[in-house]
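Trainee: Here's a structure for you.
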Amino acid sequence: MDSLIDRALAEMQFNADGLIPCIAQQHDSGEVLMMAWMNAEAVRETLATRRVCYWSRSRRSLWRKGETSGNVQRLIDFRYDCDGDTILLLVEQTGPACHTNRPNCFYRAVRPEGIATLSEPVRKSA
């Protein structure tokens, strides 16, 4: 598994801070849950343990999703895009994904009448 992870990491394009953006999506509903950052160590841990780990820019440390809230993400599928500069994780989310206790982090929308707070989840198109 280590050589497979090394091969995948070699194809990823990390920014100058050693980070790559990562979108988490609920595997069965297609709901877009959140965006966070990963470094190589977070990628490695996520693939090895199947429990999602991110890099916290504010704490400057690894952030294992749900370590304090219990709202963990179990990895179902790990994908990265054609340019190797964005990761998509298909996950099984336990509890809300957002720190605001909402199901996902994408609950604000710009509409002609103003900024709306949404209650419905963002889902993949059919």
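The values are calculated or read from the model by the stated rules, or taken from the named source; none is laboratory data. Note that the structure is predicted; figures quoted are calculated from it, not measured. Glycine gets a Cβ as well: all are built from the backbone with ideal geometry, and neighbour counts include every protein chain shown. Note: areas computed on protein heavy atoms with side chains; ligands, DNA, RNA excluded. Shrake-Rupley method; radii C 1.70, N 1.55, O 1.52, S 1.80 Å.
Quick grid of which residues meet (1) open to solvent by 80 Å² or more (accessible area, probe 1.4 Å); (2) assigned to a strand (DSSP E or B); (3) out of contact with any Leu (no Cβ under 7 Å at 6 or more places or on another chain):
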| position | (1), (2), (3) |
| --- | --- |
| LEU9 | no, no, yes |
| ALA16 | yes, no, yes |
| CYS22 | no, yes, no |
| SER58 | yes, no, yes |
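Trainee: List pairs: first residue in region 33-53 and surrounded by fewer than 16 Cβ atoms within 10 Å (Cβ to Cβ), second residue part of a strand (DSSP E or B) and of a type in the set (D, E, K, R) anywhere in the structure, Cβ distance under 9 angstrom, at least six positions apart or on different chains.
Mentor: Sorted first by the residue in region 33-53, then by its partner, the pairs are THR49/ARG64; ARG50/ARG74.
Trainee: For ALA24, work out the one condition from (1) in contact with an Asp or Glu (Cβ under 6 Å, 6 or more places away or on another chain); (2) in contact (Cβ under 8 Å) with a residue 40 or more places away in the chain it doesn't fulfil.
Mentor: The single condition ALA24 does not satisfy is (1).
Trainee: State the number of residues belonging to region 82-104 that are touching a residue at least 12 places away in the same chain (Cβ under 8 Å), outside any strand (DSSP E or B), surrounded by 14 or more Cβ atoms within 10 Å (Cβ to Cβ) and on the phi < 0 side of the Ramachandran plot.
Mentor: So the count comes out to 7.
Trainee: Within the set of pairs 6 or more residues apart or between chains, which connect a residue that is within 14 Å of ARG57 (Cβ to Cβ) inside region 4-19 to a residue that is β-branched (Val, Ile, Thr) with Cβ atoms less than 6 Å apart?
Mentor: Listed by first residue and then by second, the contacts come to PHE14/ILE20.
Trainee: Do we have any residue at all in region 105-118 that's closer than 30 Å to ASP6 by Cβ and either open to solvent by 40 Å² or more (accessible area, probe 1.4 Å) or assigned to a loop (DSSP other than H, G, I, E, B) (or both)?
Mentor: No, region 105-118 contains no residue that is closer than 30 Å to ASP6 by Cβ and either open to solvent by 40 Å² or more (accessible area, probe 1.4 Å) or assigned to a loop (DSSP other than H, G, I, E, B) (or both).
Trainee: For LEU4, only one of the following conditions fails: (1) modelled with pLDDT of 95 or more; (2) farther than 21 Å from ARG102 by Cα; (3) not small (Gly, Ala, Ser). What is its number?
Mentor: Only one criterion is unmet by LEU4, namely (1).
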